[in-house]
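First the structure, in the form of structure tokens, and then the observations on it.
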Amino acid sequence: MRAIVLAGLMLHGAPAIAAPLDWLVGRWCTDDGPVRTCEHWSRFRGGVMQGGAATTRGGKVIEREEAAIRSGLHGMIYFASPEGRPAVTFHEVRSGYQSILFESGAHDYPQRIRYWRSGPDLMAEIALADGSKARRWRYRPVR
């Protein structure tokens, strides 16, 4: 009987199971102003989520970063490569419903990268390991 129910669900389309970090997927930008930062994240493909960010002033890129998140043996691993420099690795230390915190105590700054959802917005924060010298962004979804 169980096999028949499972086969029926497969044929008629069972509800989709959310992939890790689906809440992060999309294109996100800070409000328009003289300086604007936009970030994007793809869905996981082959165990990797591709992302990146660009900050512009007056329409010209002043800062760029490539990023990726991979699923590791002990949680997610965040790779950040600002301005084309070698990637810095941050490991997941905590996650919850629509939130994740990565740390790399060996890195000078930042040592923490945190993402979370606040309603429809995506929040991001970088800081030292103790939470000091924090910088925060509020991103709005871009359709």
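The values are calculated or read from the model by the stated rules, or taken from the named source; none is laboratory data. Bear in mind that the values here come from a model prediction, so they are computed numbers and not experimental data. Every residue, glycine among them, receives a Cβ derived from its backbone with ideal geometry; neighbour counts consider all protein chains shown.
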(request) Identify, by number, the condition in (1) surrounded by fewer than 18 Cβ atoms within 10 Å (Cβ to Cβ); (2) modelled with pLDDT of 95 or more that His74 doesn't meet. (result) (2)
(message) For the list (1) crowded, with 16+ Cβ neighbours inside 10 Å; (2) basic (Lys, Arg); (3) in contact (Cβ under 8 Å) with a residue 40 or more places away in the chain, I need the number of the one condition that Arg114 fails.
(response) (3)
(request) Answer yes if at least one residue in the range 117-137 is surrounded by 13 or more Cβ atoms within 10 Å (Cβ to Cβ), hydroxyl-bearing (Ser, Thr, Tyr) and under 19 Å from Trp28 (Cα atoms), and no otherwise. (result) no
(message) Being under 17 Å from Glu39 (Cα atoms), exposed (fewer than 13 other Cβ atoms within 10 Å of the Cβ) and not acidic (Asp, Glu) is the requirement here; does Gly84 meet it?
(response) yes
(message) I'm checking my understanding of the structure. Among residues of the range 87-124 that are small (Gly, Ala, Ser) and part of a strand (DSSP E or B), which one is farthest from Glu65 (Cα to Cα)?
(response) Gly96
(message) Looking only at residues that are over 14 Å from the mean Cα position of the chain (by Cα) and under 11 Å from Pro141 (Cα atoms) in the range 13-37, which one is modelled with the lowest pLDDT?
(response) Asp31
(message) For the range 54-62, check the following and say yes or no: at least one residue is at pLDDT 95 or above, surrounded by 14 or more Cβ atoms within 10 Å (Cβ to Cβ) and within 22 Å of Ala106 (Cβ to Cβ).
(response) no
(request) Identify the single condition in (1) assigned to a strand (DSSP E or B); (2) of a type in the set (Asp, Glu); (3) in contact (Cβ under 8 Å) with a residue 60 or more places away in the chain that Glu66 does not satisfy, given that it satisfies every other one. (result) (3)
